[in-house]
1. Quick one: if the Förster radius is 41 Å, what FRET efficiency do Arg415 and Ala315 give, using the C-beta to C-beta distance and rounding to 0.05?
2. At 7 Å along Cα-to-Cβ for each site, give me the label-to-label distance between Ala91 and Asp211 in nm.
3. Rounded, prolate or oblate: which fits the stretch 103-174 when a ≥ b ≥ c are the square roots of the eigenvalues of the alpha-carbon gyration tensor, with rounded for a/c under 1.5 and prolate only if a/b beats b/c?
4. Per 0.36 nm of contour for each residue apart, how much would the distance between Ala336 and Glu83 grow if the chain were fully extended, relative to their Cα-Cα spacing?
5. State the answer as a single residue: which of Ala264, Gln311, Ala377 lies farthest towards the positive end of the charge dipole of the stretch 230-407, with beta carbon charges of +1 for Lys and Arg and -1 for Asp and Glu, about the Cα centre.
6. Classify the stretch 173-278 as rounded, prolate or oblate, taking a ≥ b ≥ c as the square roots of the eigenvalues of its Cα gyration tensor: rounded when a/c is under 1.5, otherwise prolate if a/b is larger than b/c and oblate if not.
7. Any idea how far apart Asp350 and Glu397 come out in nm if each label point goes 7 Å out from Cα toward Cβ?
8. Take every Cα-Cα pair in the stretch 114-234 and report what % of them are more than 23 Å apart.
Amino acid sequence: MAVSLDTGSVTSAVDGARRGFLERFGGEPAGVWAAPGRVNVIGEHTDYNDGFVLPMAIDRACYAAAAPRADRILRVYAAQLDEMVEVSLDALVGPGSAADTRDAANTDMAPLAEPAVTGWGGYPVGVAWILRQAGFPVGGADIYLTSTVPVGSGLSSSAALECATALALAGVAGFELTTHELALHTQRAENIYAGVPCGPLDQMSSAFGQDGSVLFIDTRSGEVRPQPFDLTAEDALLLIIDTRVSHAHGENGYADRRAACERAAEFLGVRALRDIPMEELPEAFAKVSVGLGETYARRLRHVVTEDARVQQFVAILNHEQFSLPPLGHRMMQSHASLRDDYEVSAPELDLAVATAVAAGAHGARMTGGGFGGSAIALVDRAVLDEVRDAVRAAFAEHGYTEPQFFPAVASAGARRIL
Ligand code: ADP
Ligand code: MG
């Protein structure tokens, strides 16, 4: 069987980072740190509702080759953009105190009014900023970043970059970050410094990833329960279909959905929509329909049913008679809910999902925030070629950009690799 999927080589990426550092900065790096992208198997738009998610880290990662500097300068070079940012650590002071950012219960994620660096550089510089705010002894450093995570495809290239940068800063300065600290501070860097109101899903996936497992995460308690997810025994795989489109209204759409959920929770008198159990959904739906309007009620219904689907998915995984069709069924339900109730899908994602299933996939769904990005399909290896060819042909027929395909391989989380 001809299965020619590009898995992205770790060895060549590490070597590329080391050699890139040498060329750019002169001298050997003190180490290379890697942090993976992620794919969310099910549980979409639930993480900012204190709900459940089921992501896995993938074998695409951001690699940071780094060395300490004698002065207080931080230089970060991004190989994919061929751009460098340079800042003085001592100029990186901002509002907030060490106490504010060390406290996990402090959920004030309001963006900084005037970050010193904006654009892509805001991601790594934001990490240095937040770690300093939290009281870690960040020192001057040169960092060379190179990534095999496609940017803006819903696979979390931003969290990969943040986690790799945080580990590199800790590694060269000689301080430790626990996995929880890594996830928490990088999320805050993205929220506060880069100004992106993401929930904890992306950074937790990159930090906590495990080989061969999906991560069942309760985003309220922060509890992470790895669940074995080995599809080779089933002779199947999870196929990522990167549509390579990103619709312009995505950013507003995300903020709008988040605000709608907060408003619905407030209206219902609960801390977050996670607090509405399935049994109370019909009553809550009716109340919100009357009080706030039907659109809010549909947003509510997506979140409540999606939380339930994550729990059902995990129950199926743990069942002794584990089989793929019920998992595929939950994926289809998740996609329909995101498309119809939450309205965050896109024509390209709907086409990828419908075509993959018509060609024999057990199920498929959009993954990530939506409005473009990637879909995933649960596919028997026996029909992999058919699924891929059918999706490619359907995209061509619609005049869409050619999609890219690669397997989602459950991989280890952020770590030092050289
Ligand atoms: P994703 O779903 O890939 O995380 P985001 O919009 O959240 O999409 O983050 C993408 C942004 O992160 C890019 O626009 C860029 O600013 C930054 N970024 C991610 N990866 C890299 C990289 N390898 N080099 C430079 N910047 C990057
Ligand atoms: Mg991101």
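1. The value I calculate is 0.85.
2. Output for this residue pair reads 4.4 nm.
3. Working: a/c = 1.59, a/b = 1.12, b/c = 1.41.
Oblate, since a/c reaches 1.5 and b/c is not below a/b.
4. Numbers: separation 253, 0.36 × 253 = 91.08 nm, distance 4.04 nm.
Extra length from Ala336 to Glu83 when fully extended: 87.0 nm.
5. Of the candidates, Ala264 comes out farthest on the positive side.
6. rounded
7. Reported label-point gap for Asp350 and Glu397 is 1.6 nm.
8. On the way: 2270 of 7260 pairs.
Everything past 23 Å amounts to 31 percent.
All of the numbers you see were taken from the coordinates with simple rules; none came from a lab. If you're wondering where the values come from, they're calculated on a predicted model, not measured in any experiment. Backbone-built Cβ (ideal geometry, glycine too); neighbour counts: all protein chains shown.
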